[in-house]
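Novice: Just passing along the structure, written as structure tokens.
The values are calculated or read from the model by the stated rules, or taken from the named source; none is laboratory data. Owing to the predicted nature of the structure, the values given are computational and were not obtained by experimental measurement. Cβ atoms come from the backbone with ideal geometry, glycine included; neighbour counts cover every protein chain shown.
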């Protein structure tokens with residue numbers, strides 16, 4: 001599979017992919033604002049990576065992705081945006097709703113920087129911090145749920161902030177003025193999705209079946225079923241990542257019938 005990385009400004013030095021930030025890295029150079037990283041995997045189970053852009057001023061930006069050998073033949077695109085410094089201005093985040101993947105990436109990096117700057121300058125959960133955090137969350141959630149399955153992950157620093165909201169907000173409410181404009185119910189629903197991420201792989205099943213990879217399709221669908229059970233155990237209901245338990249069970253029966261394993 002290929003990871004196609006774009007940068008909106010000309011001050012990027014290189015990009016690399018790592019499973020852990022302490023791993024050895026090998027830069028891929030940019031040409032005309034674009035770099036191409038090739039990845040070969042032999043495991044269907046999801047594997048987490050970070051794509052890291054290195055800027056000429058010595059700073060870096062990163063974005064989490066998850067990959068599986070089921071993505072083979074697919075090109076995954078990431079758009080990096082160099083964060084600007086200066087007075088935190090959350091107005092660029094409050095009303096921004098992504099209109100597409102590229103737009104979501106721009107919002108993600110801009111609002112991430114504003115949220116971090118605002119927390120440092122004004123303090124956590126101040127009005128400007130919450131407004132920026134809301135835009136950061138919306139952009140990341142859009143990417144996280146945009147495609148089935150989406151290869152885009154949730155930023156770990158953002159997740160820790162969402163967990164704080166879940167812990168400190170009043171139970172059984174959609175909104176808490178102490179965290180507005182963030183919607184507490186949406187935050188909690190997102191954390192439930194995170195607990196059962198393997199459901200996301202179910203989106204690979206139709207293509208695997210179409211290509212005759214029945215053993216792989218069965219394995220992926222079984223992982224998704226296990227994930228859905230965890231989702232239910234955590235209080236989740238209804239469809240998630242485009243599937244529900246009934247559909248996953250029907251998939252399993254269909255795959256078994258095709259493979260003669262009834």
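Novice: Hey, can you tell me all the residues within the range 179-210 that are in a loop (DSSP other than H, G, I, E, B) and either in contact (Cβ under 8 Å) with a residue 12 or more places away in the chain or touching a strand residue (DSSP E or B) at 6+ places or on another chain (Cβ under 8 Å) (or both)? Break it down stepwise before answering.
Specialist: As a first pass, look at the range 179-210 and keep what is in a loop (DSSP other than H, G, I, E, B): 179-183, 196.
Selection gives 179, 180, 181, 182, 196.
Novice: If you don't mind, there's one more thing I want to ask. Hey, can you tell me all the residues within the range 136-150 that are surrounded by 22 or more Cβ atoms within 10 Å (Cβ to Cβ) and part of a loop (DSSP other than H, G, I, E, B)?
Specialist: 149
Novice: Anything in the range 197-207 that is surrounded by 19 or more Cβ atoms within 10 Å (Cβ to Cβ) and more than 15 Å from residue 253 (Cα to Cα)? List them, or say none. Explain how you work it out, then say what you get.
Specialist: Within the range 197-207, the subset surrounded by 19 or more Cβ atoms within 10 Å (Cβ to Cβ) is 197-202, 204-205.
Answer for the range 197-207, where residues must be surrounded by 19 or more Cβ atoms within 10 Å (Cβ to Cβ) and more than 15 Å from residue 253 (Cα to Cα): 197, 198, 199, 200, 201, 204.
Novice: In addition: Under 9 Å between Cβ atoms, which residue pairs at least 6 apart in sequence (or on different chains) link something in the range 211-240 that is in the same structural domain as residue 72 (by TED's automatic domain parsing) with a partner that is modelled with pLDDT under 85 and in a loop (DSSP other than H, G, I, E, B)?
Specialist: Pairs found: none.
Novice: Of the residues 77, 113, which is at pLDDT 85 or above and either assigned by TED's automatic domain parsing to the domain that holds residue 216 or part of a strand (DSSP E or B) (or both)?
Specialist: Just one listed residue meets the conditions, 77.
Novice: Going by the conditions given, is residue 57 modelled with pLDDT of 85 or more, part of a loop (DSSP other than H, G, I, E, B) and either over 30 Å from residue 217 (Cβ atoms) or in the same structural domain as residue 226 (by TED's automatic domain parsing) (or both)? Even if it seems obvious, please write down each step before you answer.
Specialist: Values: modelled with pLDDT of 85 or more: yes; part of a loop (DSSP other than H, G, I, E, B): yes; either over 30 Å from residue 217 (Cβ atoms) or in the same structural domain as residue 226 (by TED's automatic domain parsing) (or both): yes.
Answer is yes for this residue.
Novice: Restricting to the range 233-255, give me the number of residues that are surrounded by 14 or more Cβ atoms within 10 Å (Cβ to Cβ) and either at pLDDT 90 or above or part of a helix (DSSP H, G or I) (or both).
Specialist: 7
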